[in-house]
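Here the structure comes first, spelled out in structure tokens, and everything after it is commentary.
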Amino acid sequence: MSSDQTGARPQWRGVIEEYRPLLDLPEGTPAVSLGEGGTPLVHSEWLSGLTGGDVWLKIEGDNPTGSFKDRGMTAAISVAVHEGAKAVVCASTGNTSASMAAYAARAGLTPIVLVPEGKIAAGKMAQAIMHGAEILMVRGNFDDCLRMSRGLADHYPVALVNSVNPVRLEGQKTASFEVVDRLGDAPDYHLLPVGNAGNISAYWLGYKQYAALGRASRKPVMRAFQAEGAAPLVTGKPFPHPETKATAIRIGNPASWKLADAAAAESGGRFAALSDEAILSAQRELARRDGVFVEPASAAGVAGMLSELDAGESYAGATVVITVTGHGLKDTVTALEGVGSLVDTVIDADVEAAAAAAGLG
Ligand SMILES: *Cc1c(COP(=O)(O)O)cnc(C)c1O
């Protein structure tokens, strides 16, 4: 029986099939997909109340491997398959490798991952391992890994799928399409974390494209946030030794630096830096107040909004989208470091004891 006869609802087809005519992909590119994209835009009662605006969270942790990286990876792996690649390589702070390994597994390609020694969250590493990646730990930082990935792709039969590959941005820009499709227009402001700067560049590409097509009447002001220990876009200088607990944005020399600068300048936006404490505190507040558990780096947009409010900035009456980039379960160790004791009370197996300990009745 066809789905029409059973009454089954069609499911979301992944970003390539949903938006193919709007993506600059080679003719006949297959779609290697895990159903990425179509992520929820959740209204934040907490932040809307604080600002007097309408604040929405774009929950990118709901992608198949738990971060927005899947949007670009479906495109990069699909094109690699189309071009006959047998192996793919990336440098990663964790999420790119998790995503690449999953899509490469699906496509039957060999995934090769370069990660900085000792700085990858356990959940992300587990994903790359489970999907069968060849993992090479480099005595160096992310920027060293990226330089090596480029070198491998230049001299050996392996395709580079970092966001310096422009196909990644084609996939990632679908997030702004989804925002506009859901809200009916572009928001006034878009806030997000920034590391290697592929994501802000992709969002801006998407917003510009929708405005040019007349699907949005305006483009948002882009405000992007880094960690103080890894804030090259704020200071204008590379950080040779980037340091932050928000490992997904621990990047000292962003590959898409120029595109990110253009996005901020053209949109009337800016970059700002936040302390790790501010980022981790925003992560905890978001989990407690809105029920949304994100990884540390993913909370930078929320932390940014809170610090701007402290500084007297107003979002009253504005529509704001904040991208929360990846799932909290990726890095539970860092999340729990900021919490005192993990279990509140140990009691006997007894209802009255539980009620008393929980303060009921
Ligand atoms: C990759 C990543 C970022 C940074 O995105 P860029 O495109 O590198 O600026 C932020 N948060 C998470 C969870 C990520 O995986």
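Tabulated results
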{"quantity": "Near pairs, Cβ below 7 angstrom, 6+ apart or cross-chain, from segment 5-22 (among the aliphatic types (A, V, I, L, M)) to any residue that is outside any helix (DSSP H, G or I)", "calculated": "Val15/Glu36; Val15/Gly37; Ile16/Leu23; Ile16/Ala31; Ile16/Ser33"}
{"quantity": "Qualifying residue in segment 136-148 (condition: touching a Ser or Thr at 6+ places or on another chain (Cβ under 9 Å), under 25 Å from Pro30 (Cα atoms) and within 16 Å of the ligand (Cβ to nearest atom))", "calculated": "no"}
{"quantity": "Lone unmet requirement of (1) farther than 24 Å from Asn141 by Cα; (2) assigned by the TED database to the domain that holds Arg182 for Asp350", "calculated": "(2)"}
{"quantity": "Selection within segment 307-344 - within 16 Å of the ligand (Cβ to nearest atom), outside any helix (DSSP H, G or I) and more than 30 Å from Arg218 (Cβ to Cβ)", "calculated": "His327"}
{"quantity": "Qualifying residue in segment 188-203 (condition: within 12 Å of the ligand (Cβ to nearest atom), closer than 17 Å to Val113 by Cα and not aliphatic (A, V, I, L, M))", "calculated": "yes"}
{"quantity": "Answer from Phe271, Phe293 - the residue that is within 30 Å of Ser217 (Cβ to Cβ), within 13 Å of the ligand (Cβ to nearest atom) and in contact (Cβ under 8 Å) with a residue 40 or more places away in the chain", "calculated": "Phe271"}
{"quantity": "Matching option when the condition is closer than 24 Å to Ile200 by Cα and out of contact with any Cys (no Cβ under 8 Å at 6 or more places or on another chain), among Gly326, Gly340, Gly312", "calculated": "Gly326"}
{"quantity": "Residue that is at positive phi, buried (at least 21 other Cβ atoms within 10 Å of the Cβ) and at pLDDT 95 or above, where the choices are Ala227, Ala186, Ala197, Ala231", "calculated": "Ala197"}
{"quantity": "Counted residues, segment 16-59 - those being more than 21 Å from the chain's Cα centre (by Cα) and polar (S, T, N, Q)", "calculated": "3"}
{"quantity": "All positions within segment 338-361 that are free of Cβ contacts under 8 Å to residues at least 12 places away in the same chain and of a type in the set (Asp, Glu)", "calculated": "Asp348, Asp350, Glu352"}
{"quantity": "Residue match in segment 174-186 (condition: polar (S, T, N, Q), in contact (Cβ under 8 Å) with a residue 12 or more places away in the chain, within 16 Å of the ligand (Cβ to nearest atom) and in contact with a Gly (Cβ under 7 Å, 6 or more places away or on another chain))", "calculated": "yes"}
{"quantity": "Candidate set from segment 133-152 (those that are in a strand (DSSP E or B) and of a type in the set (A, V, I, L, M, F, W, C)); member that is nearest to Asn253 (Cα to Cα)", "calculated": "Val138"}
{"quantity": "Scan of segment 312-336 for residues that are without any contact (Cβ under 8 Å) to a residue 24 or more places away in the chain and within 13 Å of Arg284 (Cα to Cα), ordered by number", "calculated": "Leu336"}
{"quantity": "Meets criteria (surrounded by fewer than 22 Cβ atoms within 10 Å (Cβ to Cβ) and at pLDDT 95 or above) for Gly328", "calculated": "no"}
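The values are calculated or read from the model by the stated rules, or taken from the named source; none is laboratory data. The structure displayed is predicted, hence computed values, not measured ones. Cβ coordinates were reconstructed from backbone atoms using ideal geometry, including for glycine residues, and neighbour counts include every protein chain displayed.
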